[in-house]
1. Please work out the average accessible area per residue across the stretch 1-74, using the 1.4 Å probe convention, and give it in Å².
2. Testing the spin-label approximation: label points 7 Å from Cα along Cα→Cβ at ASP249 and GLN227. State their distance in nm.
3. Could you pull out the longest piece of the chain with no exposed loop chymotrypsin sites (Phe, Trp or Tyr not before Pro) in it, calling a site exposed if DSSP puts it outside H, G, I, E, B and it has at most 11 other Cβ atoms within 10 Å?
4. Nearest-5 percent of antiparallel DSSP beta bridges in the chain?
5. Which longest uninterrupted range of the chain lacks any GluC sites (Glu not before Pro) assigned by DSSP to a loop state (not H, G, I, E or B) and surrounded by at most 11 other Cβ atoms within 10 Å?
6. Which one, ILE198, TYR109, VAL34, is farthest towards the positive end of the dipole of the chain when Lys and Arg carry +1 and Asp and Glu -1 on their Cβ?
7. Quick one: with all protein chains in place, what share of the accessible area of the chain is carbon or sulfur, to the nearest percent (1.4 Å probe)?
8. Gap in Å between the Cα centre of the stretch 114-158 and the Cα centre of the stretch 229-245?
Amino acid sequence: MRLERKRLQIRAARKRFELTEVVNRTKAIKKGDVLAFTTLRNEVVRLPYFLQYYRQMGVVHFIMVDNGSDDGSREYLADQPDVSLWTTTHSYKKSRFGVDWLNGLQRRYGHEHWCLVVDVDELFIYPFCDTRPIGALTDWLDSSDVRSFGAMLIDMYPRGPIEEQLYRSGQDPLEITSWFDSGNYTIRKNHKFLNLWIQGGPRARAYFYDEPDKAPALNKVPLVKWQRGYAYASSTHMLVPRGLNLVYDEWGGEKASGCLLHTKFLNTFADKSEEEMDRGQHYADSFEYKAYRDGLQADTSLWCKWSEKYINWRQMEILGLMSKGNWA
């Protein structure tokens, strides 16, 4: 694991030369600020709500990498006073899908800060998020001597065909993608990295029903009290040192955890899938996006009679998809 950690740190150091600084406002970051890190491409329609959502949550500064957008994303972000932005046209795939770029930026700017790593289509929720800012959560984690916080990715989708309800910039995507699968999940332990590996949900049943082992992983560790020696090993699914992946309790109790509400399935999804297919920059030769394309040709609706409508974080706790642990 030490050698793996060193290898990942060296990769991140090398890949930093692929990034060009657009605007750097990191001098405004203060001790104790919660930071968000994101890689994106062509997401200008989602950015207004994404930034609004996390600002209201209490994120103070956004450190972002734009991977060659041509839809105005880079220009929009450069104008935001709480965003520091880097750009690159280098291979997303060869940077381990952006992980190397963000590892390098977290090493430089995230040390001793709670860092939240999310995609622009992910909305982080946690116990009491409707009444307590993220700073209250990180203060409690600090007082409990906890360094990392896990979250299960929950795929959200509309009722009816995906393309029928148009998303407008600045809109809460949950107004459209308000349904999810409350069951249909499998869990196993990765003994090398000690993390849990979770699969299932609507993508598994609709797009990977004949090869469920190839369905996307839903386990994530998005919130970490970062230290320079840390590194993500595979997206935000697992880290080194591997003790950071122990965000669950094996002895009958429950550790506090959250969810990432994944709002990928808007009317923009089909065009986005075609774009990513053409780019070929995703895992396993974009196998996931090939499955999406084939599935969309057959049926564009993910809703079924077992679908459940999202209400709030308490509903997710009742369903066992997240836990407040001993945070009362």
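1. 52 Å²
2. Between ASP249 and GLN227, the label points sit 2.4 nm apart.
3. 1-250
4. Within the chain, antiparallel bridges account for around 60 percent of the total.
5. Between the exposed loop sites, the longest stretch runs 113-249.
6. TYR109
7. It is 49 percent, rounded to a whole number.
8. Rounded to whole Å, the Cα centres lie 17 Å apart.
The values are calculated or read from the model by the stated rules, or taken from the named source; none is laboratory data. All values reported here derive from a predicted model rather than from experimental measurement. Please note: Cβ atoms are built from the backbone with ideal geometry, for glycine as well, and neighbour counts cover all protein chains shown. These accessible areas exclude ligands, DNA and RNA; they are computed on the full protein's heavy atoms, side chains included. Shrake-Rupley method; radii C 1.70, N 1.55, O 1.52, S 1.80 Å.
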